[in-house]
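Data first, discussion second: the structure below is written as structure tokens.
The numbers here are math on the coordinates, done by the rules we state, and not lab data. Note that this is a predicted model, so its numbers are computed, not measured.
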Amino acid sequence: MLDRLKGKVVFVDEFSMVSRKWWKVLYYAFLKHDTTVHIYGDVNQIEAVNETIIDVNWAFMKQMLPIVNHLQYIEASGRYTMKLYNILNGLLTNGKIDYDFNDHDLDIETNICYTNMKRKEVSKRLCKEGEVMNFFYAQTGLTEQYRIKENMGLTCTTNTHKKLNMYNSSVHTIVKISKDTITLKDEQGKENVLIKNEVRANFIPAYCSTTHKYQGKTIKTDYNIYEADKMSRNLLYTALSRAKHEDLIHIGELKDYYPPPKADTTIKEVHLMDGGKWKNSQLYKVSFPDGKFYIGYTTQDIDKRLEQHLKKSKSDIDYKTEVGKHFSKTSQTPTIERMAQCPCFERSEIEAYEHRMIQHYYRLSPDLVLNSKKIKGDAPPPKWKNAVKIEVERRIKIDQFNIKEDSADNCFYIKQKINGKVLRAKARYGIKSTKEQALAKVQKKCDEFAMSFSM
């Protein structure tokens, strides 16, 4: 990806919607190839979902984008009227709405809301007739049931069919409903025929969407804004600024005051892989003679890390807990091994890898894991980089194999059914091979198996 940007000029529109992942790609292209980047957008809009993108980016974007120009609003070429511009400016300046908008109109088929609960409620109310269909909403992982009919709009929830102009948040109109297929017309007027299961998995009714789904769009018809009293200043700004005219907006109860967004206090440091310490991140496992073990991460030599734990120096372990008592016992002689090399951009990424590994061992041998049980549940999956994913997942897969010894036949072997597939490996010891060599051969075969199937 980086080499493809060599000698290129990159233009980024609606920059507040761009995720941290792609900002990093652009920044590394700038560092490696001196790629020129221009960005455009409204800094007052909401950030990408689950990210405080503005605060994160400016930590390393000032070098890449040294010049910032603030454009003057011109009504003739602007998205909305000067009156709406002044309403929005008042919200941004003093956190208040000084205008009496229209009340909600329950017959309007374009709606913006704050929560998925309200989105489902409004969609249910407006999906009054037609064929019943169960949709799978990817963002929540839940099934939602609605009635569908011809000329009804559906919002795409994935980027599954890019060649068919089916992108996340794009709206498509139902042209025809057949027994097994549905014909959809995209925003450019092109018709595509999909089997119903594809529609169920990639769309939901377009009657109501959260503010994030409407970011970057312009609404030229009347629309309702629900739950405005729950929104932040930037969310409400984004919802209001979709309109071409203030009279198109129908809104319910508003807060007397919308406080400014809080500065992001969760971002401590942004370390770059070219020179940052997190590029050396690795997962390790400390094993004790009683069979118990501790999993951690470090950016330094693992033997040095073990020494720090034993000497209680620069260690984040609570020595009053069970794991701390294990490290404190002078009779214990723990060993340490590297489990995976995980080059990362920042601390949160290596923590995600660590949690993934700990969860695996809690499922495998919960009584032997010394790590805190607080993270036993399902942590958010890390945004894997391919090489790291392969290494961490390979180690987890290997642990599923149960290598056995047949002393009568002088061999080590595995015969195991995983994911519906029977896997076999066998290595003898005695005349030509030692026990250690035979075991190593079977372990190597397990490693090959682990790379060949998915968990």
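Which entries in LYS149/LYS220; LYS304/LYS444; LYS96/LYS255 show an alpha-carbon gap greater than 18 Å? Please list the in-between numbers first.
Working: LYS149/LYS220 23 Å; LYS304/LYS444 28 Å; LYS96/LYS255 8 Å.
Beyond 18 Å: LYS149/LYS220; LYS304/LYS444.
Tell me which residues come under 5 Å, amide H to amide H, from ALA340 once H is placed; ignore anything under 5 positions away on its chain.
LEU283
From the phi angles alone, apply the Karplus equation (6.51, -1.76, 1.60; θ = phi - 60°) to the range 220-227 and give each ³J(HN,Hα) in whole Hz, x where the residue is Gly or Pro.
Karplus-based 3J(HN,Hα) across the range 220-227 equals 9, 10, 4, 8, 9, 10, 9, 6 Hz.
Whole-Hz ³J(HN,Hα) for each residue in the range 96-101, computed from phi via Karplus 6.51 cos²θ - 1.76 cosθ + 1.60 with θ = phi - 60°, x for glycine and proline: what do you get?
So the J values, rounded to whole Hz, are 10, 9, 10, 6, 9, 6.
Could you pull the Cα extents of the range 102-153 along its three principal axes, largest to smallest, in whole Å?
Extents along the principal axes: 34, 26, 14 Å.
Above 21 angstrom, tally the Cα pairs of the range 72-170 and express them as a % of all pairs, no decimals. Write out the running numbers ahead of the final one.
On the way: 2708 of 4851 pairs.
Everything past 21 Å amounts to 56 percent.
Could you list which residues have their amide H under 5 Å from that of VAL175, counting only those 5 or more apart in sequence or on another chain, with H placed in the peptide plane?
Amide H neighbours of VAL175, under 5 Å, 5+ apart: ASN151, THR183, LEU184, LYS185.
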